[in-house]
Amino acid sequence: MTMKKTFIAASIALAALSGCNSSDSVNTYTEARFATFNLSFDRATYEDLVAEMSLTQDEQSVLIERYKNEDPSLTDQEIATAEKVIQIRNVAEIIQRVRPNAFVLAEFNNDGNGEDMKALNGFHDNYLAHSQNDQQPIAFAY
């Protein structure tokens, strides 16, 4: 019986120590920042949100410039889109300023199944990945 207990104890000790001499480096973190954002990106349709999130940085800038200059040729739809793009940019700036390691995006419309990632990819690629008001761009793996 004593031999069995000794064998079990030795096995556990060897298992616990088996990775101690490993040359693999593991990143350890001492702190993490989590955030929750109530985005109010709820739109009449998911396609509306995808269209806004799909605008390139240049397309956004041209639209906003026309909006700020009160371009009389802007349609009501373009005015509404410009206002929403400004909102999205403001949210992206806050995220860039806060720089969370992980966050929850509340009121971010989806396709109803959570399978179509076009809006989320557009937000990441066309807003977060570009400096907003001199903030550092930010990227997330999701």
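The values are calculated or read from the model by the stated rules, or taken from the named source; none is laboratory data. Just so it is clear, the model here is predicted, and its values are computed rather than measured. Cβ sites come from the backbone with ideal geometry, for glycine too, and all protein chains shown count toward neighbours.
Within the stretch 68-83, the residues that satisfy the criterion of being surrounded by fewer than 18 Cβ atoms within 10 Å (Cβ to Cβ), of a type outside the set (Gly, Ala, Ser) and in a helix (DSSP H, G or I) are LYS68, ASP76, GLN77, GLU78, ILE79, GLU83.
Any chance the stretch 45-52 includes a residue that's at pLDDT 60 or above, under 15 Å from PHE108 (Cβ atoms) and exposed (fewer than 10 other Cβ atoms within 10 Å of the Cβ)? Within the stretch 45-52, one or more residues are at pLDDT 60 or above, under 15 Å from PHE108 (Cβ atoms) and exposed (fewer than 10 other Cβ atoms within 10 Å of the Cβ).
Entry remark, the stretch 95-117: residues being of a type in the set (Lys, Arg) and assigned to a loop (DSSP other than H, G, I, E, B) number 1 in total.
In the stretch 55-63 there is at least one residue matching the filter, namely being more than 15 Å from GLN132 (Cβ to Cβ) and charged (D, E, K, R). Residue check: ASN27 meets all listed conditions (1) under 22 Å from the mean Cα position of the chain (by Cα); (2) modelled with pLDDT of 90 or more; (3) in a loop (DSSP other than H, G, I, E, B) but one, namely (2). For TYR127, the conditions (1) in a loop (DSSP other than H, G, I, E, B); (2) in contact (Cβ under 8 Å) with a residue 60 or more places away in the chain; (3) surrounded by 14 or more Cβ atoms within 10 Å (Cβ to Cβ) all hold with the exception of (1).
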